[in-house]
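Trainee: Before anything else, here's the structure in question.
Read the figures in this text as sums done on the coordinates, not as results from a lab. From a predicted model like this one, the values you see are computed outputs, not experimental measurements. Ideal geometry is used to build each Cβ from the backbone, glycine not excepted, and the neighbour counts take in all protein chains shown.
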Amino acid sequence: MSEKYTEMWRSLGLNLEAHQGLLAVLTDAYQGIYLSQKNRPEGMKYFDFVISEVHGLRIVELVEEKNKGKQIFGTFCLYVPEELILAVDGVSIGLCAGADVGTEEAEKYLPRNICALIKAFMGFKLAGLCPYVESSDLIIGETTCDGKKKAYEILNEITGKVYVMEMPHMKSEEGKRLWHSEVRKLAAKLTQVSGKEITLEKLNEAAAVVWEKRKALQRLAALRAADPAPISGLDALLINQVSFYDNPVRFTQMVNALCDELDARVKNGVGVAPKGTPRILVSGSPMAIPNWKLHAIIEGSGTVVVGEESCVGERNFKTQLDPHFTSVEQGLAAIAERYLTINCACFTPNEGRLDDIQAMAERLHAGGVIHYALQFCTPYMVEAYKVKENLGKTAIPYLRIETDYSMEDMGQLKTRVEAFIEVMKDGMAR
Ligand code: BJ8
């Protein structure tokens, strides 16, 4: 893809040589992890194509949208309401990064001991490797975890285009009041940046688009309950990752087309692994593109991942929002309410997440739960204790993993995952 996009990348200010190297590494990783899988659904071809053009055709589309007067809004968190961005005709793009890139540059600003996701989004920007950051008219941050909120100060110094939403950390009445007012402030900011008013018609249209997208993702998630599993965890993870980048209407169509195919697979008992293969639920910190490490290890050890209790997964689409608002004010309140149903470990207490994990494990017939925390992601690392304690009540096998984006611990992780699978198998045999 490189030749034909070189001019575009140059005009965005990317470091062309380093960018070329990054694309080569990504292509290799994708081939090794994704294209080597057996019995993939035909519908995955679209998502393979999206990944092959993630810095190409999708960026061309964003440039075209900008030429039509639309704005690009970059985000890092599920709490930023996509409905509001679409209501001002904006394009919403997830900026979280899932690879060790630009580490040396990032560590000039950040401590070594900070979560890999934060280091990576700073690294991508500082090394001139992210066409999405460069295309963004506004970057919307949020005061969820300490690392992110402090990194946004630096990112704003570098880019001059960061806006931060203040997150409550408790879902109390005071917390709700703060959040409702932050949602209204974001609506005003988006109007100011785009020059477009949020009308009732626009808000309903935008909410309908997001509703359809969530419905398609829910459909995909439900199909994974079948045994044999009709799709691998790796492929389902990829689709969830792509949901933050793609045109939402096209994405929804393609997910639904894939689900039609998966419906037929389920009916005919066709799967990616034989019936009775051990099934694992993964829960924890988000896995941004191209963080496929844990799923690759788990599925490479003869099991299948059947769900992700994660922001790149169930937390993104679990709660729906009825797209029939009666006024803009009522719509903003309903949006604020809906987003506060997300159970992120940045909140205290966060009992809802424990229930979510339990419910998912039952619904998806998972024989074990692997808790995944990025190293130095304090909210999830600490909450792992509560997750373990809660799962202990139903005796679902549990494994706790803390890792980063490097490949150095692959062997050690594989050994631990394999030992865990043996424990699960023992349980299944009893
Ligand atoms: S709603 S999970 S997307 S804050 S950056 S918390 S990995 S130390 S991303 Fe998140 Fe919103 Fe919550 Fe979801 Fe940990 Fe790293 Fe912080 Fe992170």
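Trainee: Give a residue-ordered list of calculated ³J(HN,Hα) values for the stretch 136-150 (Karplus: 6.51 cos²θ - 1.76 cosθ + 1.60, θ = phi - 60°; whole Hz; x for Gly, Pro).
Mentor: Coupling constants for the stretch 136-150: 6, 7, 9, 10, 9, x, 7, 8, 7, 9, 4, x, 5, 5, 6 Hz.
Trainee: Return the Cα extents of the chain along principal axes one, two and three, sorted largest first, each rounded to a whole Å.
Mentor: Principal-axis extents of the Cα atoms in the chain, largest first: 63, 52, 45 Å.
Trainee: A further question on this structure: Cα axis of helix 173-194 to longest principal axis of the chain: angle in degrees, 0 to 90, nearest 10?
Mentor: With rounding to tens, the tilt is 50 degrees.
Trainee: Any idea what angle helix 378-392 forms with the longest principal axis of the chain, computed on alpha-carbon atoms, 0 to 90 degrees, nearest 10?
Mentor: Here the helix axis deviates by roughly 40 degrees.
Trainee: Can you tell me, using C-alpha contacts under 8 Å and at least 6 residues apart, the relative contact order of the stretch 77-202 as a whole percent?
Mentor: 25 percent
Trainee: Another question about this same structure. Starting with the highest mean, order 136-149, 194-207 by the number of other Cβ atoms within 10 Å, averaged over the residues of each peptide.
Mentor: 136-149, 194-207
Trainee: Leaving out same-chain residues fewer than 8 places away, which lysines sit with a Cα under 22 Å from that of K275?
Mentor: Excluding near neighbours in sequence, the set is K38, K267, K425.
Trainee: For the chain, give the share of DSSP beta bridges that are antiparallel, in percent and rounded to the nearest 5; count only bridges with both residues there.
Mentor: 0 percent
Trainee: With springs only between Cα atoms under 10 Å apart, run a GNM on the chain and tell me which of V328, V101, V304 wobbles the most.
Mentor: For the chain, modelled as a Gaussian network with Cα springs under 10 Å, the answer is V328.
Trainee: Next question. Output ³J(HN,Hα) for the stretch 336-343: one whole-Hz value per residue in order, computed from phi by the Karplus curve 6.51 cos²θ - 1.76 cosθ + 1.60 with θ = phi - 60°, and x for Gly and Pro.
Mentor: Calculated HN-Hα couplings, in order: 4, 4, 4, 5, 6, 7, 5, 9 Hz.
Trainee: Then there is this: With θ set to phi - 60°, apply the Karplus curve 6.51 cos²θ - 1.76 cosθ + 1.60 along the stretch 311-323 and write out the HN-Hα couplings as whole Hz, x wherever there is a Gly or Pro.
Mentor: Running phi through 6.51 cos²θ - 1.76 cosθ + 1.60 with θ = phi - 60° gives 6, 8, x, 3, 4, 6, 10, 4, 9, 8, 9, 4, x Hz.
Trainee: Near the amide H of R400, under 5 Å away, which other amide H atoms are found, from residues 5 or more places off or on another chain, if H is placed in the peptide plane?
Mentor: Long-range HN contacts for R400: H371.
Trainee: Restricting attention to the stretch 253-330, which trypsin sites (Lys or Arg not before Pro) occupy a DSSP loop and are surrounded by at most 12 other Cβ atoms within 10 Å?
Mentor: K275
Trainee: Out of the stretch 325-429, which GluC sites (Glu not before Pro) are coil in DSSP terms and have no more than 16 other C-beta atoms within 10 Å? Could the numbers behind the result be given before it?
Mentor: Details: sites: E329, E337, E351, E362, E383, E389, E402, E408, E418, E422; in loops: E408.
Answer in residue order: E408.
Trainee: To test your reading of the geometry: what angle, between 0 and 90 degrees and rounded to tens, separates the Cα axis of helix 351-363 from the longest principal axis of the chain?
Mentor: Tilt relative to the chain: about 50 degrees.
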